[in-house]
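To keep things clear, I will list the structure first and then write my remarks on it.
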Amino acid sequence: MLEDLDIAKFGGTSVANYAAMENCVKVVTANPATRLVVVSACAGVTNILVELASGSCRSERLEELIGKLREIHYAITACLPSPEPLNQRIEEHLRLVRDMANSASMERSDNLTDYIVSNGELMSSFLITEVFRQKGYQAEWFDVRKVLRTDSCYGRANPIVEVTASLCQEQLRPLMEQGSIVVTQGFIASNSEGQTTTLGRGGSDYSAALLGEALAAKTISIWTDVPGVYTTDPRLVPHAMPIPELTYLEAAEMATFGAKILHPSTLLPAVRRGIPVYVGSSREPERGGTWVRPSTDSHPAYRAVALRKNQTLIVLSSPRMVGVSGFLAQVFSVFAKYRRSVDLVSTSEVSIAVTLDAGTNTSGIPDISEEMLNELRAFCHVKVETGLSLVAIIGNDMSQSAGIVTKAFDSIDHYAVRMICYGASSHNLCFLLDSKVAEQALKEIHQHLLEN
Ligand code: ADP
Ligand code: ASP
Ligand code: MG
């Protein structure tokens, strides 16, 4: 019965209000293979919860934010037949959030933040379950924390794939086999002590893919607010073009370099199991979308352009680097110790430059700590530059064809480029630019390489 299982994930705007939730119900019930529904918190809710968890809210602001949460969720219950018991359940979550936000104002922690923000997904998932039931469908609410197991890196936890797989087979599969549409949460998980963790901002896509892997799904569908993956963010470039088919590699490069449509880790579980991923609009499913697959018929040199803001460039120099081995190992061991993944790397005789992302940690606190920088300063000179953005061109065989790079360089020859990365992968070419000009540069690159 579940051989052709499809998992449908709906993002924040797709569950923003009652009308949006009705669209989700239509999308799910149009495909009998869709038996597991993974939802994000209603649009705006996670941002509010992150602020409450920051410990910086005075009581007036705290009440204002709790009021906003109430308003968002009560607007949904008001469209359901008996709102009162549902409102009571919302109130339980709000009470918990208020108490924990008060604790955070005494001492914030990533552990507490994850617990606070998890309430967003818990509320949206229980409300959309009610919308399914109101429409006459058999739907079961399921707490994903029973099966999605991670380590204890609060704020950006790492899944434990084997444990998750066996828990899903034990607990989630039987529930789906009973014939219900099972509704669960994206983004949140738990560690082996049963404490709530999160996968980092935007992590619901990753949750859907992890559950897809654990349950050997046939397809994973990411329903969002745009009809598929485009040649660049259609909000930045209105005439960006939809891409009907993408390879895992191309999509993963796009996500890594800032295409927000997919969380950067989403493709990992899909690749491990060879599960195709579909991206479409929950509001306009009829407009079609993008299939992300192991391979595609077309292999264009230029497929897409992506923008990633808030990049930090760290230049590390040591006169001792000349002819000495081990300097790079020393530098990278510090990044590894602080669990910082490095994006771009460039080296010279006496220095190395790397870029780090501001991070998708749920707390939103940039995780380039003074402590880490001091550890680097102990053996080299450290220069930190901010206000930079990464513009990445994603394509195929970029290092094997003549003229590809020249054409890309030509399109931004009037900008000062702080760093270029090329060659490690034949699927991308990256430029680091001043954030003030990066959006304009992206538009020009798109026009030059991808339009007409
Ligand atoms: P959700 O809440 O459904 O997860 P997100 O806001 O995380 O939605 O991602 C969808 C958004 O991603 C779109 O509204 C769009 O602005 C942005 N985006 C960035 N790059 C792309 C791209 N290449 N194609 C489509 N959308 C993109
Ligand atoms: N609600 C979470 C966020 O806003 C997770 C997600 O939407 O994917 O980051
Ligand atoms: Mg998202």
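Temperature 10 °C, viscosity 1.306 mPa s: under these conditions the Stokes-Einstein estimate for segment 64-150, based on its Kirkwood radius over C-alpha pairs, is 112 µm² per second. In the context of the full protein assembly, Y422 retains an accessible surface of approximately 90 Å², using a probe radius of 1.4 Å and ignoring ligands and nucleic acids. Taking GluC sites (Glu not before Pro) across segment 100-161, the ones in a DSSP loop with at most 16 further Cβ atoms lying within 10 angstrom of their Cβ are E107. Ordering of 356-363, 168-175 by packing is 356-363, 168-175, highest average first (other Cβ atoms within 10 Å, averaged per residue). Restricting the calculation to Cα atoms, segment 35-104 shows an Rg/Rh of 1.01 when the hydrodynamic-style radius is the Kirkwood one. Charged side chains reduced to their Cβ positions (Lys and Arg at +1, Asp and Glu at -1) give the chain a dipole of some 160 debye around its Cα centre.
Here the Karplus curve 6.51 cos²θ - 1.76 cosθ + 1.60, taken at θ = phi - 60°, turns the phi angles of segment 349-365 into couplings of 4, 10, 8, 9, 10, 9, 10, 10, 7, 4, x, 10, 3, 4, 5, x, 7 Hz, with x standing for Gly and Pro. Normalising by residue count, segment 135-177 has a Cα convex hull of 83 Å³ per residue. Distance distribution note for segment 360-452: the fraction of Cα pairs above 16 angstrom is 64%.
Taking amide hydrogens as placed 1.01 Å from N in the peptide plane, the amide H of V183 sits under 5 Å from those of V37, E140, W141, F142, each at least 5 positions away in sequence or on another chain.
For the chain, averaging the sequence separation of C-alpha pairs within contact (under 8 Å, six or more residues apart) and dividing by the residue count gives a relative contact order of 14 percent. Overall size of segment 262-313 from C-alpha positions, given as principal axis extents largest first: 41, 29, 25 Å.
Summed over all non-identical Cα pairs, the Kirkwood treatment of segment 119-233 gives a radius of 14.9 Å. Using DSSP, restrict attention to beta bridges with both residues in the chain and report what percent are antiparallel, rounded to the nearest 5. Taking every DSSP beta bridge with both residues in the chain, the antiparallel ones total about 60 percent.
One way to sum up the overall shape of segment 154-205 is the equivalent ellipsoid from its Cα gyration tensor, whose semi-axes run 22, 14, 9 Å, largest first.
Could you put R235, R272, R377, R108 in order of accessible surface area, largest first, with the 1.4 Å probe and the full protein assembly present?
In descending accessible area the options line up as R235, R272, R377, R108.
Over all directions, the projected convex hull of the C-alpha atoms in segment 1-160 averages 10.0 nm² in area.
Just so you know, the Rg over Rh for the chain is 0.98, from Cα atoms, with Rh as the Kirkwood radius. Coordinate range of the alpha-carbon atoms in segment 40-80 per principal axis, descending: 35, 22, 9 Å. Distances between every pair of Cα atoms in segment 276-400, grouped in 10 Å steps from 0 to the bin holding the largest one, split as 10, 31, 26, 21, 10, 2, 0 percent. In this structure, the amide hydrogen of G200, modeled 1.01 Å from its nitrogen in the peptide plane, lies closer than 5 angstrom to those of A157, T362, counting only residues at least 5 positions away or on a different chain. Each residue of segment 70-84 was assigned a 3J(HN,Hα) from its phi angle through the Karplus expression (A = 6.51, B = -1.76, C = 1.60, θ = phi - 60°), giving 4, 4, 4, 7, 5, 5, 7, 5, 4, 8, 9, x, 10, x, 4 Hz with x at Gly and Pro.
Using the Cβ-Cβ distance between H239 and N111 with R0 set to 45 Å, the FRET efficiency works out to roughly 0.50.
Excluding residues fewer than 8 places away in the same chain, name every one of the aspartates and glutamates whose C-alpha is closer than 18 Å to that of K146. In chain and number order, the partners are D114, E121, E162, E170, E177, E193, E213.
For the chain, the solvent-accessible area works out to 42 Å² per residue, with a probe of 1.4 Å and every protein chain left in place.
Label-to-label distance, D143 versus D410, with points set 7 angstrom from Cα along the beta-carbon direction: 6.1 nm.
Per residue, the chain reaches -12000 deg cm²/dmol at 222 nm when only DSSP H runs of four or more residues are counted, each adding -39500 (n - 2.57). Which whole-number percent is the relative contact order of segment 1-145 (Cα, under 8 Å, 6+ apart)? Reported as a whole number, the value is 29 percent. In order along segment 407-422, phi translates into HN-Hα couplings of 5, 5, 5, 4, 5, 10, 5, 9, 10, 7, 9, 6, 7, 10, 10, 7 Hz, rounded to whole numbers, per the Karplus curve 6.51 cos²θ - 1.76 cosθ + 1.60 with θ = phi - 60° and x for Gly and Pro.
When all protein chains stay in place and ligands, DNA and RNA are ignored, the 1.4 Å accessible-area order of L268, L112, L390, largest first, is L268, L112, L390. Each of T219, T164, T29 has its accessible area taken with a 1.4 Å probe; listed largest first, they run T29, T219, T164. Close amide H pairs (under 5 Å, H built 1.01 Å from N) link T296 with no residue at least 5 positions away or on another chain. With Rh defined as the Kirkwood radius, the inverse of the mean 1/r over Cα pairs, the Rg/Rh of segment 202-331 is 1.11.
The values are calculated or read from the model by the stated rules, or taken from the named source; none is laboratory data. Since we're looking at a predicted model, the values are computed, not measured. Backbone-built Cβ (ideal geometry, glycine too); neighbour counts: all protein chains shown. Areas reflect the complete protein model, heavy atoms only, side chains present, ligands, DNA and RNA absent. Shrake-Rupley method; radii C 1.70, N 1.55, O 1.52, S 1.80 Å.
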